[in-house]
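Visitor: Pasting in a structure now, in structure tokens, and then I'll have a few things to ask.
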């Protein structure tokens, strides 16, 4: 890539330069070159490469190719030994050239003039386009990550992401600046004549000689709008990585690393990151809805909630609905504690809002699977009677296991502990084989009371439930098995659990064999982006929840990991439920290519502001206080403590 000289009429910043800069600090042991500005006026289209001394390369002088694009390919000093990166040019690792052979290219400086020029180019190329670029839409339309590569390396936004960034000591920058000399009076540069400006993570330097001549203007990074690029990328990367500004700020303070202020971070979040994430989630949701409508199928949903705190001090309840066919989240809502009278009603309110939202969109819901929740069950019966409300098998099995474990610890019921695992497995078997027949499911479940007595043939209302489905036991197996006795305390305790009225009423809601365990996987992802015991306002809660959903949806249908021989890779974990060691297959690692798409959109949003800024925090209700606000001084004056606090002696 050839970077051309800017003609004085094309770029007014060249008038600030005085001839050719001194590059005496470049040596064979330090093959890092800097930009060179020649004193002569050179036409923009006829610039030729220059050596460190500033004269045109001898190969180019002898060639018949007047333009850089027509240089001969065997010009190894120009084509193979240098590459332009940002505002500097570095030698490649192919070999270290001699001092006189290091080729330096003239590179445009980052300045306010160039910034306006770049902004005009961006406006021309993106101003009339939909904020959703083709890469984002294609990425959200398909989960084939390999087909979503963006090979346009010449795109400015892509280059800002792909270019390497480094942490540089200020003293190292000073060492380079101190090697400069004035191109007019040839006097060396004094440190006192260097002016530095700091803006977040960016440093801007203006170097003057003792006679007042401007020798060099330099900035450590480009700008997007009025925002340094690194500040913008850091502000976007913090929520995308599931971190908080407090953590990153503390990390930077420990290293004395310069980053943007919290106010600047919040401005980027409000004006750039939040609109981009909301827009991207809407794009993904519209695509999911479009696929569902094209298939002309009823929705089979699973719903569950997550509180932002594990105790009774929760501020938000996030209710999400998952489509069980694709395992993708299709809708969510964050309910603030001030929207309901009590904490228990937050889940019901979130469920109602999600259901009404989908119904207003024109979707037909066939099956809804949730945990056993009396209030939600009552709400579905009253407001959505046409929906088949199912319960999650795991939640019901968990209740059965808990009850049996508790009863097995009582005196005389010790024998029951040997049947806990078998009873729970029997519940799973009944649900998996009922084929939607609720009556068969109920009778098959109750038949476990005969099996534990060594009775494998019995009378039932349904012919297929007149006996156990397992193979006949051998006499040896029948003798070695510790069967329960009819009328014993252990058998009566088992009967109380199996024939529990609420259980027999709810077991029919397992007939469709619904499992919402993938919602637990999604909630673990949500915990990464919305950590518990960390406060966010409603806008940031919605933003971070949308990021978690995008991460979850884009990670579905991943292939299982295999080794070099094509054999599946497994990991072993200890299960507290069994309890025993279990083997689980390992999925391929996430690629997080959606992050690059959102980062590009953030860079475009910072330049065009094409996505409108909408906030909901200002429209939300106030805090949970039930009393009128009081002055802080009055509250402090009423403070009483059993400890004596001497403020004069406090550090």
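What follows draws every value from the coordinates through simple rules; no lab data is involved. What you are looking at is a predicted structure, and each value in this text was computed from that prediction instead of being measured. Glycine also receives a Cβ, built like all others from the backbone with ideal geometry; neighbour counts cover every protein chain displayed.
Visitor: Give the shape of region 394-510 as rounded, prolate or oblate, defined through the alpha-carbon gyration tensor: a ≥ b ≥ c are the square roots of its eigenvalues, a/c under 1.5 means rounded, and otherwise the shape is prolate if a/b is larger than b/c and oblate if not.
Guide: oblate
Visitor: Let me ask you something else. So for the pair residue 255, residue 156, with labels modelled 7 Å out along Cα→Cβ, what separation do we get in nm?
Guide: 2.9
Visitor: Quick check on the exposure proxy: order 413, 543 from fewest to most C-beta atoms within 10 angstrom.
Guide: Result, fewest neighbours first: 413, 543.
Visitor: Assuming a ≥ b ≥ c are the square roots of the Cα gyration tensor eigenvalues, decide whether region 481-582 counts as rounded (a/c under 1.5), prolate (otherwise, with a/b larger than b/c) or oblate.
Guide: Judged from the Cα gyration tensor, region 481-582 comes out oblate (a/c at least 1.5, b/c at or above a/b).
Visitor: Going by average Cβ density within 10 Å per residue, which order do the peptides 598-608, 296-306 take, highest to lowest?
Guide: 598-608, 296-306
Visitor: Now a separate question. Fewest to most neighbouring Cβ within 10 Å: what's the order for 609, 204?
Guide: Ordered by Cβ neighbours within 10 Å, fewest first: 609, 204.
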